[in-house]
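Taken together, the values in this text are just the output of simple stated rules run on the coordinates, not laboratory data. Keep in mind the model is a prediction, meaning the values are calculated, not measured. Ideal geometry is used to build each Cβ from the backbone, glycine not excepted, and the neighbour counts take in all protein chains shown.
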Amino acid sequence: MKPPRHDDDLCLAHNTPLRIPAPRGVRVTCTAGVLWLTVEGESGDVLLRAGNSHLIRADGLALVEAIGHGRARLERIRLSPAARVQAWLSERWRRLAVGWLVSNNAARASFASLQRAAAD
């Protein structure tokens, strides 16, 4: 179900997330209230207050939701070829770093459990 529109803004209600299809290159601008934006493939969630915006650079699932009531404007931005390459590289780098951290933390946990077992 599409949220009601007020002029060119989307009126969002609390606890009713709006899914943004094919989000890469979409700029989300908060025009009223506070919005919570989460994008699969981007580190951390984004809180937007009136006047703030965020350009989505990842391809993963994107959800925007109001905290209370709020309004948002969605605008698809055409990325230059250089910006597309930069977004692609930063996404690959992020995935590599996350993979390394996960495997490194798993290795540390295994090593720590071996040390505890040897100490007992």
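Placing +1 on the Cβ of every Lys and Arg and -1 on the Cβ of every Asp and Glu, with nothing else charged, gives the range 5-76 a dipole about its Cα centre of roughly 120 debye. Take every pair of alpha-carbon atoms less than 8 Å apart whose residues are at least six positions apart; their mean separation over the length of the chain yields a relative contact order of 28 percent. In a simple Cβ point-charge model (Lys, Arg +1; Asp, Glu -1; nothing else charged), the chain has a dipole of about 320 debye relative to its Cα centre. Between 0 and 90 degrees, the angle of helix 81-119 with respect to the longest Cα principal axis of the chain falls at about 40 degrees. Modelled label positions at ALA83 and ARG49, each set 7 Å beyond Cα in the direction of Cβ, lie 2.6 nm from each other.
Close amide H pairs (under 5 Å, H built 1.01 Å from N) link ALA66 with ALA13, ASN15, THR16, TRP36, residues at least 5 positions away or on another chain.
Per-residue ellipticity at 222 nm computed for the chain from its helices equals -12000 deg cm²/dmol, with DSSP H segments shorter than 4 residues left out and the rest contributing -39,500 (n - 2.57). Placing a pseudo-label 7 Å from each Cα along the Cα-to-Cβ vector at ARG27 and ARG108 gives an inter-label distance of 3.9 nm. Out of these labelled values of Rg and Dmax of the Cα atoms in Å, [x] 13.8, 40; [y] 14.0, 44; [z] 19.4, 69, which was calculated from the coordinates shown here? Step by step, Rg and Dmax of the Cα atoms in Å for this structure corresponds to label [z].
Of the residues ALA50, SER90, LEU61, the one whose Cα sits farthest towards the positive end of the charge dipole of the chain is SER90 (charges of +1 on Lys and Arg Cβ, -1 on Asp and Glu Cβ, taken about the Cα centre).
Compared with the direct C-alpha span, the chain from ARG73 to HIS14 gains 19.6 nm at full extension, assuming 0.36 nm per residue.
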